[in-house]
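A short write-up of the structure that comes next.
Nothing in this text is a laboratory measurement; each read-out follows from the coordinates by a stated rule. Computed from a predicted structure; not experimentally measured. Counting neighbours? That spans all protein chains shown, and the Cβs are built from the backbone with ideal geometry, glycine included.
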Amino acid sequence: MTTTAPGTAAGRLPDFPWDSLEAARARAAQHPGGLVDLSIGTPVDETPEVLRTALAAAGDSPGYPTALGTRELRAAAAGWLRRRLGVTVADPFGADPSVIPTVGSKELVALLPTLLGLHEGTVLIPEVAYPTYEVGAVLSGLAVRRTDTPPDDPAGVVLVWLNSPGNPHGRVLSDDELRTWVAWGRAHGVPVVADECYATLGWDVQPRSLLHPAVAGEDHTGLLAVHSLSKQSTAAGYRAGLLSGDPALVRQVWEVRRHLGLLVPGPVQAAMAAALADDAHVDAQRERYGARRERLAAAVRATGARIDHSEAGLYLWVTRDEDCWATVDWLAGLGIVPAPGSFYGPAGARHVRMALTATDERIDAAVQRLTAGDRGRH
């Protein structure tokens, strides 16, 4: 079903969802042990030294950075895609570049329809989805349709967003599902874009990139992938992302970004190049998140709640088979704040999302409250 109709962006943008959690946060903050905020997936661990050293070394940066990205960054990005995801992009130094840096991934998600010149038609997004896919469509005056399968009728569809591993639910699309979308998009001339910001955080399964040859075939025609250093490199404050795939589409995005001044700062580009060439810090951070996930998941299940999907990514998709706001209220009584599933679409209305991005001390506090059976109201 269409959830958003075309219209003036200023008049159709939704309220910022997390503002509606103020009452839950206030209630949770009254808990004697303090608030455990698991509602927003913002990293809390130290940014690794490899990034900080490279950032500082490039601090003398008087000139404008390039929207295309330095040669060092593009080489490091291509190497990372090949080494970590099994993806070989076309020549990153070609006239039509196959990979460019972005100011984090959220701005790219929000602006991609505009950068591609899409101003009429419908954007397909997952049934349960990161809100910014819809925001980006609204900003371009496009309609939105939620679906997890390609529609029989492609009329009016101008862009497809996939998200695997998914935010909020951690669901990973199978190779067959990805190939089905690739074939559908190519058959109808519709770009298919995969948000793969959690690609290095597979737990029960190993996520596959849309650009992998087992999915995309011999080239990346009609396909794009979005990646981010925010979680894997604990660098959300750096605003460091990547766009890669079909060189014709990447070039179109790059050309518009040059006009708009969407430039990743030079020192950040240096830090990105260093980070993308180093696997050790990524693996170390993955171990931290994995340990937190194991402890928190066990405590959630001990309450009788169920965890759906969550086979990858940074969240637990939790349900007590009740309205999500009832679950928010229950957890707030324990001093814990999750994100209600309704933030992510009607299909999420009976789940909450619990982030793993809290300190070990705060995760342990949540575990203690959940396992102690503390149902009291504070």
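Along its principal axes, what span do the Cα atoms of the stretch 243-378 show, with the longest given first and each in whole Å?
Taking max minus min along each principal axis of the Cα atoms, the stretch 243-378 gives 56, 36, 26 Å.
Exactly which GluC sites (Glu not before Pro) in the stretch 97-146 are in a DSSP loop and have at most 12 other Cβ atoms within 10 Å? List each step's numbers first, then the result.
Details: sites: 107, 120, 127, 134; in loops: 120, 127.
Those satisfying the criteria are 120.
Given the chain reduced to its alpha-carbon atoms as identical point scatterers, what log10 I(q)/I(0) does the Debye formula return at q = 0.08, 0.10, 0.11 Å⁻¹?
With no solvent term, the Cα-only Debye profile gives -0.40, -0.64, -0.78.
Please give me the summed charge of the neighbours of residue 38: other residues whose Cβ is under 14 Å from its Cβ, Lys and Arg +1, Asp and Glu -1.
Computed value for this residue: +3.
Could you give the Stokes-Einstein D for the stretch 130-213 in µm² per second, using the C-alpha Kirkwood radius, 37 °C, 0.692 mPa s?
240 µm²/s
Highest mean first, what order results for 21-27, 75-81 on Cβ atoms within 10 Å?
Averaged packing, sorted descending, gives the order 75-81, 21-27.
Multiplying the sequence separation of residue 175 and residue 221 by 0.36 nm and subtracting their Cα-Cα distance, what value in nm do you get?
Separation in residues times 0.36 nm, less the Cα-Cα distance, equals 14.8 nm.
Take the stretch 61-277, compute every pairwise Cα distance, and split them into 10 Å bins from 0; I just need the percent in each bin.
Answer for the stretch 61-277: a P(r) of 8, 37, 39, 14, 1, 0 percent.
Which of 80, 173, 33 sits closest to the plus end of the dipole of the chain, meaning its Cα is farthest towards the positive end, when Lys and Arg get +1 and Asp and Glu get -1 on the C-beta?
It is 33, whose Cα lies furthest towards the positive end.
Quick one: Cα centre-to-centre distance for the stretch 64-114 and the stretch 217-264, in angstrom?
What the calculation gives is 5 Å, centre to centre.
Where does each of 246, 204, 152, 96 land when they are ranked from fewest to most other beta-carbon atoms within 10 angstrom?
By the 10 Å Cβ count, ascending, the order reads 152, 204, 96, 246.
Sorted from largest to smallest, which semi-axis lengths in Å does the alpha carbon gyration tensor of the stretch 212-321 give for its equivalent ellipsoid, taking the root of 5 times each eigenvalue?
34, 20, 14
By how many nm would the segment from residue 119 to residue 60 grow when fully extended, if each residue of separation counts as 0.36 nm and the alpha-carbon distance is taken off?
Going from the current span to full extension adds 17.2 nm.
Using only Cα atoms, locate the centre of the stretch 132-161 and the centre of the stretch 312-326, then give the distance between them in Å, rounded to an integer.
Value for the Cα centre distance between the two parts: 25 Å.
Place a label point 7 angstrom from the Cα of residue 258 along the Cα-to-Cβ direction, then list the residues of the stretch 76-109 whose backbone nitrogen is under 18 Å away.
Only 91-103 fall inside the zone, counting backbone N under 18 Å.
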